[in-house]
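Working notes, beginning with the structure itself.
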Amino acid sequence: MNREIHSWWSPRLHRDMEIVVYGHYGQALLLLPTAAADYLEYERFLLIDKLRPLIEAGKFKVFSINSINSESWLNRKMHPRDKSIRHVMFNEYVYEEVVPFIFNHCQSRVPIITSGASFGALHSANLFFKRPDLIHGVVAMSGVYDLGQYTDGYWDDDCYFNSPEAYLYNMPEGAHLDALRSYRPIHILSGQGDYEAPEASRRFSALLNLKGIPHDLDVWGYDMPHDWDTWRKMLPYVLSAKF
């Protein structure tokens, strides 16, 4: 399996940002780390090994990037306003730097599917629902889609526009909703085991139904905890069965 590591100085984040690429060709899968983890997290926890057959078959080309959650919502020493600003910068880094890198690396404007677990689920969903013109779909695992769960009571416009439950609920009819209602692979998954929050996925699914956005909700059993063994099962299953 081809594996490449790239990095560049991000003018939006003002720091070096790494990205690892797995595979030669296929639909692009962009992985967002959990919590404050790095671009090699999915490899370190053996999820990339589980995806190896799909990668080697050319079904998916996988890209994994760093998070900056330790420089935003998970940093107890930062002012909340600075955290929300940093979150917006991260979005811009993905849209303006990572997406063009993926298109260039694939030598075409390939469909990009975002995916992540836990906090990575919120990021992957948010990146898709904000910019369906750039991101084609999402596989979100074990997520909470209300950013307020991470802000310790702080709220501003940047929080609102990065909380999918908030801005989707109030999104008016128009081209943006029409794009989300067109054929898109949208998969919301959760276990029901220890530390999972399946009610968050059900609530988000109900909102998508309310807005007429087609999607799959898949709630797994009570033997599926909020941990890597669950996600090592979920992601290969969805990518094999649904794509």
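The values are calculated or read from the model by the stated rules, or taken from the named source; none is laboratory data. Computed from a predicted model, the values in this text were never measured in an experiment. As a convention, Cβ positions derive from the backbone with ideal geometry for all residues, glycine included, and neighbour counts pool all protein chains shown.
Out of (1) within 20 Å of Ser7 (Cβ to Cβ); (2) of a type in the set (Asp, Glu); (3) surrounded by fewer than 17 Cβ atoms within 10 Å (Cβ to Cβ), the odd one out for Glu97 is which?
That leaves (3) as the condition not met.
Filter region 9-58 down to the residues that are touching a residue at least 24 places away in the same chain (Cβ under 8 Å), of a type in the set (D, E, K, R) and in a helix (DSSP H, G or I), then identify the one that is farthest from Lys233 (Cα to Cα).
In this case the residue turns out to be Glu56.
Condition (residue is without any contact (Cβ under 8 Å) to a residue 40 or more places away in the chain and of a type in the set (D, E, K, R)) applied to region 139-151: is it met by at least one residue?
Checked region 139-151: no residue is without any contact (Cβ under 8 Å) to a residue 40 or more places away in the chain and of a type in the set (D, E, K, R).
Which number in (1) surrounded by 16 or more Cβ atoms within 10 Å (Cβ to Cβ); (2) at pLDDT below 95 marks the one condition that Asp152 misses?
Condition (1) is where Asp152 drops out.
Can you go through Ser72, Ser67, Ser124, Ser118 and tell me which one is touching a His at 6+ places or on another chain (Cβ under 6 Å) and crowded, with 18+ Cβ neighbours inside 10 Å?
Unique residue meeting the criteria: Ser72.
Look at His14 and say whether it is within 22 Å of Phe161 (Cα to Cα) and over 19 Å from the mean Cα position of the chain (by Cα).
Numbers: within 22 Å of Phe161 (Cα to Cα): no; over 19 Å from the mean Cα position of the chain (by Cα): yes.
The answer is no for His14.
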